[in-house]
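Written out below as structure tokens is the structure these notes cover.
Where a number appears in this text, it was derived from the coordinates with a stated rule and is not lab data. Here the structure is a predicted model, which means the values were calculated and not measured. Positions of Cβ are backbone-derived with ideal geometry, glycine not excepted, and every protein chain shown enters the neighbour counts.
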There are 2 protein chains.
Amino acid sequence: MAVYTHVDEDALADFLAHYDVGEVIAFKGIAEGVENSNFLLQTGRGSYILTLYEKRVNRDELPFFLGLMGHLAAKGLACPTPIAGDDGQALRELCGRPAALVSFLRGLSVMRPTPVHCAGVGRGMAEMHRAVADFGMRRENGLGLSGWHQLANACRDQAEAVRPGLMSIVDDELAWLDGAWPRNLPAGVIHADLFPDNVFFMHEQLTGLIDFYFACNDFLAYDLAIAMNAWCFEPDRSFNATKTRRLLAGYQAVRALEPAETAALPALARGAALRFLLTRLYDWVNQVEGALVRPKDPSEYVEKLLFHRRVKSPGEYGL
Amino acid sequence: MAVYTHVDEDALADFLAHYDVGEVIAFKGIAEGVENSNFLLQTGRGSYILTLYEKRVNRDELPFFLGLMGHLAAKGLACPTPIAGDDGQALRELCGRPAALVSFLRGLSVMRPTPVHCAGVGRGMAEMHRAVADFGMRRENGLGLSGWHQLANACRDQAEAVRPGLMSIVDDELAWLDGAWPRNLPAGVIHADLFPDNVFFMHEQLTGLIDFYFACNDFLAYDLAIAMNAWCFEPDRSFNATKTRRLLAGYQAVRALEPAETAALPALARGAALRFLLTRLYDWVNQVEGALVRPKDPSEYVEKLLFHRRVKSPGEYGL
């Protein structure tokens, strides 16, 4: 849950003086995203989301994220559209933080996705991958293979206390991925964090993708591997092959996977599981006293990783 | 900040099946109130607030709180109106908690109230006091003089570590209040927590009072004493006599204070300061590890109490 920064009425009025959004009717801190402070702003003209970027987001990267959202929205993708102020800028300062106003999206995120939702997110992701083809900016993925090595080393001394044997699972996996990670697949800007809380639906129709703050350049199929981990396991940690099939079919209805991508899927799924295992482990062993966000249990992703290790061929994912 | 309970899409749909509110457009946890989980619900028909009552609220008292809001709203006071479902009930169960849907109020709470805001809140409070005259339910104030003694005893062993000399200030004050607390003043249902975050304004006009979950039967002028403490001190803890005068004048424009109420104001202000000093102290020494709500520093109310102790007559409040 977010909302770290309190925005008072005077600061809000000064900020909104740059925008032609009409009279403020309501302004409420909302529990959306975990890295930033988000507010729902209602005005005589409609609803908006105001985001203040807190310290975990690198200021220099904001033009990439806002540029990406603007690019996608211009291509008709349902995602927040950054709104330019009277100076043509979407990014400005509020309460000492970079801040941006974006359009409001209808819909609810689903906590219990059905196969229909999985198909929808697959389709939406493929549409995003198609829409970024002519996006001119780049952002390296700091949470790729070499980033995972760094995270593993940073957690080494405390991992054993979290779960006995965890560090040897991580080290074995890194050694395997060093050899097995694909070198050359279709690449582009991926969302890289397309979890159920970042997708809105109405009546099982996708109405929006949000939270592009992990977006980066990487293999397109790696985005799908992240989504498989996020959408296709049940709360009891069992793997739902129907949901996976629908996710992949939804994706392929828009963009067909190449044979090399299909072949790489088991390795990508292992890498994706390890990525979330490691960032959750890192947050778990570096808990901040009094923080508002409770870290997520890394063991969920240990189970997912162990599942993918037992997968013998992409066919087991329904391909 | 609130939002403790996550409401999933199925639970929400089941709950809303009892209401004729149209199609759900958005549903977001909001940072409003500290005791309950609050959600902003937008539907085809408008905006609503959905509240789940968490464990600090006593279930048996909810009919009082909802009845009070319904009564006030029916009298034209700007406050959340509980919305009855198809069974005529406003209170039902959601995610294992009592829950109610209420109307949405326009406006923003102000963090830096001006004298104009203070006049508005005085007027709004007096209108509430007038509107409750024929409200048929009662709720005792558990945070009155005997409650303060209990809180003081519960904090006794840890108070010294919070602020040296604090317990002797509290004990001296309780001894004085035992003698000086008024016995007989006009009484009725008071808000008892009318802080700036519980009042909405648009263009300096009051648009709503919210958060009635401390409302109880007590002296009407005690409500004013609470508001004086909450609205009329500056962030540097200095006392703003202009704001106090406007608060009291706004109140008296609707309901004139009796001479006994005016005379009791210094004692009521001391009691009100002690009440918030003690509840903040209690929450401070009983911090819950990992809680989402950070306790407020009790020392702010020590300063306010010491200020009121130096007041020699009600005239110093501008009366």
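Descriptive notes on the structure:
- The range B:9-103: C-alpha gyration tensor shape, a/c 1.5 cut-off, then a/b vs b/c: rounded
- Prolate/oblate/rounded call for the range A:221-281, Cα gyration tensor, a/c under 1.5 rounded: oblate
- Cα-based convex hull volume of the range A:96-148 per residue, rounded to whole Å³: 222
- In nm, spacing of pseudo-spin labels at residue B:168 and residue B:313 (7 Å Cα→C-beta vector): 3.2
- Computed over the range B:1-155: relative contact order in percent, which uses C-alpha pairs under 8 Å that are six or more apart: 20
- Alpha-carbon centroids, the range B:27-73 and the range B:241-319: separation in whole Å: 26
- Separation in nanometres of the label points that stand 7 Å from Cα toward Cβ, at residue B:114 and residue A:134: 5.0
- If you take all other residues with their beta carbon under 14 Å from the beta carbon of residue B:190, and give Lys and Arg +1 and Asp and Glu -1, the sum is -2.
- For the range B:192-256, the alpha-carbon radius of gyration amounts to 1.13 times the rule-of-thumb value 2.2 N^0.38 Å expected for a compact globular protein.
- 7 Å along Cα→Cβ, label-point gaps from residue B:76 to other copies, nm, shortest first: 5.3
- Average projection area in nm² (convex hull over Cα atoms of the protein assembly as shown, one quarter of hull surface): 30.0
- Positive-end residue of A:284, A:52, A:174, charge dipole of the protein assembly as shown with Cβ unit charges: A:52
- Positive-end residue, chain B charge dipole about Cα centroid, Cβ charges, pick of B:38, B:108, B:311: B:311
- When the convex hull of its Cα atoms is projected in every direction, mean area for chain A (nm²): 16.4
- For residue A:263 and residue A:150, the FRET efficiency from 1/(1 + (r/R0)^6), where r spans their Cβ atoms and R0 equals 25 Å, is about 0.35.
- Between B:96, B:147, B:33, the residue with the greatest mean-square fluctuation in the GNM of chain B (Cα pairs under 10 Å linked by springs) is B:96.
- Between A:102, A:170, A:285, the GNM of chain A built on Cα springs shorter than 10 angstrom shows A:285 fluctuating the most.
- Between the helical axis of B:62-74 and the longest alpha-carbon principal axis of chain B there is an angle of about 90 degrees.
- Mean shadow area of the range B:259-319, taken as a quarter of the surface of its Cα convex hull (nm²): 4.7
- A compact globular protein would have a Cα radius of gyration near 2.2 N^0.38 Å; the ratio found for the range B:167-285 is 1.09.
- Euclidean distance of C-alpha centroids, the range B:161-188 and the range B:79-101, integer Å: 38
- In degrees, nearest ten, helix B:115-131 long axis to first principal axis of chain B (Cα): 70
- Available extension along the chain between residue A:10 and residue A:297 is 99.3 nm, counting 0.36 nm per residue and deducting the alpha carbon span.
- Among B:237, B:280, a tally of other beta-carbon atoms within 10 Å of each Cβ gives an order, fewest to most, of B:237, B:280.
- Sorted from closest to farthest, the other copies place their residue B:238 label points 6.9 nm away, with each point set 7 Å from Cα along Cα→Cβ.
- Contact order relative to length of the range A:115-317, as percent, for alpha carbon pairs under 8 angstrom and 6 or more apart: 30
- A Gaussian network model of chain A, with springs between Cα atoms under 10 Å, assigns the largest mean-square fluctuation among A:183, A:123, A:92 to A:183.
- When only the Cβ of Lys, Arg, Asp and Glu is charged (+1, +1, -1, -1), the dipole of the protein assembly as shown relative to its Cα centre reaches about 260 debye.
- Cβ-Cβ distance of residue A:237 and residue B:256, R₀ of 51 Å, FRET efficiency by 1/(1 + (r/R0)^6): the value works out to about 0.15.
- Cα-based shape type of the range A:73-227, given that a ≥ b ≥ c are square roots of the gyration tensor eigenvalues and the cut on a/c is 1.5: prolate
- Distance between modelled label sites at residue A:175 and residue B:89, nm, 7 Å Cα→Cβ extension: 6.1
- Think of each Lys and Arg Cβ as +1 and each Asp and Glu Cβ as -1; about the Cα centre, that makes the dipole of chain A roughly 1100 debye.
- With Cα atoms, 0 to 90° folded angle of helix A:220-231 axis to chain A main axis: 90
- Over the C-alpha atoms of the range B:1-58, the Rg to Rh ratio, Rh being the Kirkwood estimate, stands at 0.97.
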